[in-house]
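One structure is given here, and the rest of the page talks about it.
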Amino acid sequence: MRPLNISIVGATGAVGAELTKLLEECAIPVNRLRLLASRNSAGRQVRFRDETCFVEPLHEIGDLETDIAFLCAGSAVSLEWGPRFAAQSALVIDNSNAFRMNPDVPLVVPQVNPNALSHRPRPGIVANPNCSTIQFVRAVRPLVTAWDVRQIIVTTYQAASGAGRMGIDKLRNGTKAVLEGSSEPPAAPFPVSLAFNVIPQVGEIDPEGVTLEERKLAQESRKILAMPDLPLTSTCVRVSVENGHSEAVYIEFEKPVGREQAHELLAQEAGVRLYADGIRKGYPTPRFIAHPEDVHVGRVRVNPGNPRGLWLWVVADNLQVGAALNALLIAQLAIVNRVIGK
Ligand SMILES: NC(=O)c1ccc[n+]([C@@H]2O[C@H](COP(=O)([O-])OP(=O)(O)OC[C@H]3O[C@@H](n4cnc5c(N)ncnc54)[C@H](OP(=O)(O)O)[C@@H]3O)[C@@H](O)[C@H]2O)c1
């Protein structure tokens, strides 16, 4: 295939920087890489495949021509610039919440619903799901497609990096301030200080008391799994972990299930790493996941009080699996399906 022109909007952020690193290491041939960000980052240098790239301010570029535009700069930037890149024939792969529930925009996790990108979407935009959704659907896919589901209850334990570069800085600086007994920096982007804390709020809380993150997990999972009535409810919690989201997932099926069968289904799923009893304590933890490209599942067990209920503990690198890697896999799927690069 011909080498591609690729633009990364938000290249200096947590997701954009991870994406640049993964793109450098992957096999996609790149003709021209454009790194774009706000005016604050103009002129910053980034090494990419033995060349030096200079970060350009998005608002000052005139020419939007590119084969792929990865948008990693938040919903407002995506809403303004996504359609503009698409109008210049780019395939837009958007990391924000802006287009995910648009029925014309495919919401893709390549291991789960690759057929959603079998042809070029009409708006020229493909949406990358939310971080907590991607690891959830990758872990539960083999179970919920094998057995009928009665209800799913999820509690998330989400890392500071899910709130971007500022989230990481705020956790580090706040923790240091508490340890040194000095005054803590303002809590933002978190509602209260995350240092030595857990916060049962990720995103805005709506009038019904549900957070945006909890809405996204349910709505996006239904769209990706093509299960519009999937009965899923969650509590999304921010924890003082720098990177790596964890989820306690409880699935109640219509009929009794077996632990061994669940192990078998999970063990056969590509990209899922199962921690059976005795292997690394039988569960993954976010600080020590050795394969950041995989979804890690442990503590698989049947509810002793209900043979239809199954618990899982699911951990993944939110910046890779939950964002940058999934975006890159979408690009590779688009190339294989000849949606781009013809
Ligand atoms: N973090 C995660 O785990 C995660 C997971 C899934 C999806 N996402 C989504 O991915 C997107 C990026 O998140 P992030 O965590 O990487 O955020 P981040 O660390 O705050 O980075 C934001 C990036 O956007 C750029 N930017 C901000 N305003 C801009 C503007 N007006 N014009 C051009 N560039 C602008 C910033 O540039 P400067 O450096 O110049 O300010 C920076 O490069 C968001 O939509 C987020 O919801 C994040």
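The values are calculated or read from the model by the stated rules, or taken from the named source; none is laboratory data. Note that this is a predicted model, so its numbers are computed, not measured. Don't worry about glycine lacking a Cβ; one is built from the backbone with ideal geometry, like all the others, and counts go over all protein chains shown. Surface areas here come from the heavy atoms of the whole protein model, side chains and all, with no ligands, DNA or RNA. Shrake-Rupley method; radii C 1.70, N 1.55, O 1.52, S 1.80 Å.
Computed quantities for the displayed model
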item: Matching residues in the range 184-214 - criterion: being within 29 Å of T233 (Cβ to Cβ) and either open to solvent by 80 Å² or more (accessible area, probe 1.4 Å) or not in a loop (DSSP other than H, G, I, E, B) (or both); result: F196, V198, I199, P200, E204, I205, P207, E208, T211, L212, E213, E214
item: Residue identified as away from the ligand (no atom under 16 Å from the Cβ) and assigned by TED's automatic domain parsing to the domain that holds R100 among Q332, Q261; result: Q332
item: Count - residues of the range 109-121 that are more than 14 Å from the ligand (Cβ to nearest atom) and in a loop (DSSP other than H, G, I, E, B); result: 8
item: Hey, P129 part of a loop (DSSP other than H, G, I, E, B) and closer than 15 Å to E247 by Cβ or not; result: yes
item: Scope the range 324-338; condition assigned to a helix (DSSP H, G or I) and open to solvent by 10 Å² or more (accessible area, probe 1.4 Å); matching residues; result: L325, L329, Q332, L333, I335, V336
item: Selected residue (criterion: nearest to R2 (Cα to Cα)) from residues of the range 84-99 that are buried (at least 23 other Cβ atoms within 10 Å of the Cβ) and within 12 Å of the ligand (Cβ to nearest atom); result: I93
item: Top-ranked residue in the range 244-268 [being touching a Pro at 6+ places or on another chain (Cβ under 8 Å) and open to solvent by 50 Å² or more (accessible area, probe 1.4 Å); ranked as farthest from A290 (Cα to Cα)]; result: P256
item: Matching residues, the range 84-108, being outside any loop (DSSP other than H, G, I, E, B) and under 18 Å from the mean Cα position of the chain (by Cα); result: V92, I93, D94, L107
item: Top-ranked residue of the range 122-161 - restricted to ones that are of a type in the set (F, W, Y) and open to solvent by 10 Å² or more (accessible area, probe 1.4 Å), ranked as nearest to the ligand (Cβ to nearest atom); result: Y157
item: Candidates S246, S221, S240 - the one that is in contact with a Phe, Trp or Tyr (Cβ under 7 Å, 6 or more places away or on another chain) and under 21 Å from P114 (Cβ atoms); result: S221
item: Scope the range 304-316; condition touching a residue at least 12 places away in the same chain (Cβ under 8 Å) and open to solvent by 10 Å² or more (accessible area, probe 1.4 Å); matching residues; result: N306, P307, R308, W311, W313
item: Entirely in the range 217-303, the strands (runs of 3 or more DSSP E) that have 2 or more residues that are in contact (Cβ under 8 Å) with a residue 60 or more places away in the chain, in contact with a strand residue (DSSP E or B) (Cβ under 6 Å, 6 or more places away or on another chain) and among the hydroxyl-bearing types (S, T, Y); result: 232-239, 245-253
item: Test for G181: is it within 16 Å of the ligand (Cβ to nearest atom), surrounded by fewer than 22 Cβ atoms within 10 Å (Cβ to Cβ) and on the phi > 0 side of the Ramachandran plot; result: no
item: Strands (runs of 3 or more DSSP E) lying entirely in the range 39-83 (those with 2 or more residues that are more than 11 Å from the ligand (Cβ to nearest atom), surrounded by fewer than 21 Cβ atoms within 10 Å (Cβ to Cβ) and free of Cβ contacts under 8 Å to residues at least 60 places away in the same chain); result: 45-48, 51-54
item: Tally of residues being without any contact (Cβ under 8 Å) to a residue 24 or more places away in the chain and within 16 Å of the ligand (Cβ to nearest atom) across the range 188-207; result: 2
item: When residues of the range 22-38 are limited to those that are assigned to a strand (DSSP E or B) and within 11 Å of the ligand (Cβ to nearest atom), the one farthest from S7 (Cα to Cα); result: A37
item: The one condition in (1) within 14 Å of A195 (Cα to Cα); (2) assigned to a loop (DSSP other than H, G, I, E, B) that I168 fails to fulfil; result: (2)
item: Any hit, the range 162-176, residues being small (G, A, S), under 19 Å from A248 (Cα atoms) and either open to solvent by 20 Å² or more (accessible area, probe 1.4 Å) or at pLDDT 95 or above (or both); result: yes
